[in-house]
Amino acid sequence: MAKICLCLTGKTLSRNLELIEKYRKYIDLAELRVDFLDPDECFSIRRFPEQAGIPVILTIRRKVDGGCFNSGEGARITLLSRGLAFAESDRRHNFAYVDLEEDLEAPGLEEAVRTFGTRIIRSSHNLTGVGDIVEKITSLRRIGDEIAKAAVMPKNLNDVRAIYRAARKTAGIEKIIIGMGNLSANTRILAEKTGSFLCYTSPQEPDLPPAAPGQLDPRELVERYRFRNITASTAVYGVVGFPLTTTYSPRIFNTVFDHEKIDAVYVPFPSNDLSRFLELAEDLHVAGASVTIPYKEAIISSLKNVSESVRIAGACNTIKAIPEEGNFPLCSWNGINTDTLGFSESLLHFIEKKTLRGRKITVLGAGGAARAVAAEIFRLKGKCLVLNRNAGRARDLAMVFKFPWGGLDSQSLDTMERYSDIIIQTTPVGTFPNTDDDPFELYHFDGHETVMDLIYNPPRTAFLRRAEVAGCKVLNGFDMLIRQAKYQYQYFFDRDFPEQLIPRLAAAFGL
């Protein structure tokens, strides 16, 4: 089972001990990053393992490898020696591991380390790419009892794919294999599947810098991603989009998996290339995925079969792997659109109606979500105006259903006033962290409108806040998110979503 390591970047040893106590139930060991300590603190590192009460890695990372230490190698070796000196017969009082880079030449130090049972993590850090990970892992260790560590920086999903492939090819080697940065957070979550000895984490504390880019908080790793439950046979689901800076879907699905005792995990796959994601998904045996901005339309050409909802909306937000001739991972993909029913059920429940007949509605946006919304408005007999910053895209969407259209400009205001019973905001404008952005500041609410924003983070966008102040009835996208997730769950597992979890999910999101 892959271990969870808490990286300690506090300026003082006492602060680092506080962090261990705070996160103790989530972690298996800690890494003392001496390069982050105040200089005076470095004289007292020898007693830290005994005080910590858990196994500790001693690390002094150079700036060239992504750390903070900027003195010479002689000073660094002296400091490492101070931390490892006077080893005790009770190994719990010694550093359990020491991280030594592949180019460090300190044979006397290494001999002393091995004599007293401290294991060496022989590390390599590539901050500009991935290189040949297999060659690096197989050549790093100088003696067989060392743990090989390769930390790389993927620039695209093909690089992330290389991490998983290297993990399989080095299956017999005790190793730590890490993808740094946001693109490869899934490699950390799936450390058990890569055969990584441990997963490094950083506490999300305001006074602490992360030890490396892309590290998750240990509480998040355990509670949101169920890290302790992941095994080699755990099914993988996820969400693909870009930049994918905010998504509640992992928390929703992993909560359901935990409640229903399903051996599965749901992880983020930020992808700047959709085709690369599909290749990675096949390699990783991804069983199904949610599809979000900007790929809801682009994904359709890669699907073998699509539902009627996809054909009508011209967008797909859910895909499922279909093994070809029983020879997984060779698979094709089928797709459905759950945004359609998720949206209409949410809106109709909110306005307490069964159809949209007689309602005049404005849709802001012309992307995949707007297509699903427009399709449902058409099905439910509503009248609709489509407005978008790019008026050409608004026209392309509107003409499918013979709706009027326009741009997000002053020329559309008069028309919008005639289609203002309900206003539905479908663009990402206003999403966290850009919470003050407003997609259509020119429009002034007069209070009669019902306003729905499909964004759910934050719960009140600038657009909704303006509407609420004017006296409008407002609805964010959380209810729609849960309703469309119900249909995704049914599609993935051919069973009903556990409705009793909805209040628990709402409470988890502070809604």
> From the residues in region 470-498 that are touching a residue at least 12 places away in the same chain (Cβ under 8 Å) and surrounded by fewer than 16 Cβ atoms within 10 Å (Cβ to Cβ), which one is farthest from H349 (Cα to Cα)?
Replying inline: A470
> From the list I361, I377, I312, I293, which residue is within 26 Å of V429 (Cα to Cα) and under 24 Å from the mean Cα position of the chain (by Cα)?
Replying inline: I293
> Exactly one of (1) modelled with pLDDT of 95 or more; (2) outside the structural domain of N317 (by TED's automatic domain parsing); (3) in a helix (DSSP H, G or I) is unmet by Q488. Its number?
Replying inline: (2)
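Among the residues of region 440-464 satisfying the criterion of being among the charged types (D, E, K, R) and crowded, with 17+ Cβ neighbours inside 10 Å, which is farthest from the chain's Cα centre (by Cα)?
E449
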> Would it be correct to say that G129 is surrounded by fewer than 13 Cβ atoms within 10 Å (Cβ to Cβ) and part of a helix (DSSP H, G or I)?
Replying inline: no
>> Please go through region 132-162 and give me each residue that is of a type in the set (A, V, I, L, M) and in a loop (DSSP other than H, G, I, E, B), ordered by number.
In response: I143, M153
>> Looking at Q411 and the list (1) within 27 Å of I299 (Cβ to Cβ); (2) modelled with pLDDT under 95; (3) not assigned by TED's automatic domain parsing to the domain that holds F497, which single condition is not satisfied?
In response: (1)
> Tally time: how many residues in region 131-172 are touching a residue at least 40 places away in the same chain (Cβ under 8 Å), more than 17 Å from E110 (Cβ to Cβ) and of a type outside the set (A, V, I, L, M, F, W, C)?
Replying inline: 5
> Name the pairs: first residue in region 230-245 and farther than 25 Å from I293 by Cβ, second residue among the β-branched types (V, I, T), Cβ to Cβ under 6 Å, at least 6 apart or on different chains?
Replying inline: I230/V265; T234/V265
> Out of region 378-409, which residues are polar (S, T, N, Q) and crowded, with 22+ Cβ neighbours inside 10 Å?
Replying inline: N388
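The values are calculated or read from the model by the stated rules, or taken from the named source; none is laboratory data. Remember, predicted model here, so these are calculated numbers, not experimental data. All Cβ positions, even for glycine, are placed from backbone atoms using ideal geometry, and neighbour counts span all protein chains on display.
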